[in-house]
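Peer 1: Below you will find the structure I want to go over with you.
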Amino acid sequence: MQSLCQLAHCELQPLKRIESLTVDAVAFKELGQGAYRLSFSVKNSNVLPLAVPAAELTLTDAQEQAVYRRVFTSRELGAIDPEIGAGAEWPVLVTFKLDAETGSSRVLGYRLMVFYP
C-alpha cells in the first residue's frame with residue numbers, strides 16, 4: 001500500500017476506530033498554585049494498531065457546569081508513536097496550569113474523553 005500511495009502522492013494514516021479505545025485509570029490532582037496533574041491510560045481493544053487520539057478535559061463546578069475546557073493533542077499528551085499497538089495500553093501523564101480567572105476554588109469535578117480530530 002505504501003508503494004502505491006507514494007506513486008499516487010498520497011499519505012497513509014493510522015487506522016481510526018474510536019469505539020475500540022477505552023479510557024481507564026483516570027486520576028486528576030491539584031498540585032497547588034493553579035497547577036494540575038492528569039493521568040490516565042488508553043487501551044486499544046482492536047486486533048490492529050490504532051491512531052493515538054486527542055483528549056478533551058472539562059473541569060466542572062458544584063452544579064457540574066463547565067468552568068474550563070481544554071483539548072490536548074496527542075503531541076501535548078506525550079505521544080511519541082502515532083499508533084497504539086493492537087491490544088496495547090498507552091499511559092498518559094500531563095501537567096497544566098489554569099489561568100487566574102478560572103480559579104481552582106470553582107473546580108469540583110472533571111470529565112475526560114478521547115476523540116479523533
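Peer 1: List the lysines whose alpha-carbon lies under 28 Å from that of Lys97, not counting same-chain residues fewer than 8 positions away?
Peer 2: Within reach: Lys29, Lys43.
Peer 1: In terms of modelled amide H atoms, which long-range or inter-chain residues lie less than 5 Å from the amide H of Asn46?
Peer 2: Residues meeting the criterion, in which the H sits 1.01 Å from N, are Gly87.
Peer 1: Of all trypsin sites (Lys or Arg not before Pro) in the range 50-117, which ones are in loop regions per DSSP and have a Cβ with at most 11 other Cβ atoms within 10 Å?
Peer 2: Arg75
Peer 1: A further question follows. Okay, helix-only estimate at 222 nm for the chain: each DSSP H run of n ≥ 4 adds -39500 (n - 2.57), divide by all residues, round to 500 deg cm²/dmol; what do you get?
Peer 2: Details: 1 runs with 6 residues, N = 117.
Computed ellipticity for the chain at 222 nm equals -1000 deg cm²/dmol.
Peer 1: For the chain, what relative contact order do you get, as a whole percent, if you take Cα pairs closer than 8 Å and at least 6 residues apart? Could the numbers behind the result be given before it?
Peer 2: On the way: 228 pairs, mean separation 36.4, N = 117.
Dividing the mean separation by the residue count of the chain yields 31 percent.
Peer 1: Please give the net charge around Ser41, taking every other residue with its beta carbon less than 11 angstrom from that of Ser41, where Lys and Arg add +1 and Asp and Glu add -1.
Peer 2: Once positives and negatives cancel, what remains is -1.
Peer 1: Please compute the Cα-Cα pair-distance distribution of the chain with 10 Å bins starting at 0, giving whole percents from short to long.
Peer 2: Histogram of Cα-Cα distances, whole percents per bin: 13, 39, 27, 15, 5, 1.
Peer 1: Quote the Stokes-Einstein diffusion coefficient, in whole µm² s⁻¹, for the range 13-57, based on the Kirkwood radius over alpha carbon pairs, a temperature of 4 °C and a viscosity of 1.567 mPa s. All intermediate terms of the calculation are to be shown ahead of the outcome.
Peer 2: Numbers: Rh = 12.3 Å.
Estimated via Stokes-Einstein, D reaches 105 µm²/s.
Peer 1: If you don't mind, another one. Ranked highest first by average number of other Cβ atoms within 10 Å, how do 77-85, 44-52, 25-33 line up?
Peer 2: 44-52, 77-85, 25-33
Where a number appears in this text, it was derived from the coordinates with a stated rule and is not lab data. As the structure is a prediction and not an experimental result, all values here were calculated from the model. Heads up, the Cβs are rebuilt from the backbone with ideal geometry, glycines too, and the neighbour counts pull from every protein chain shown.
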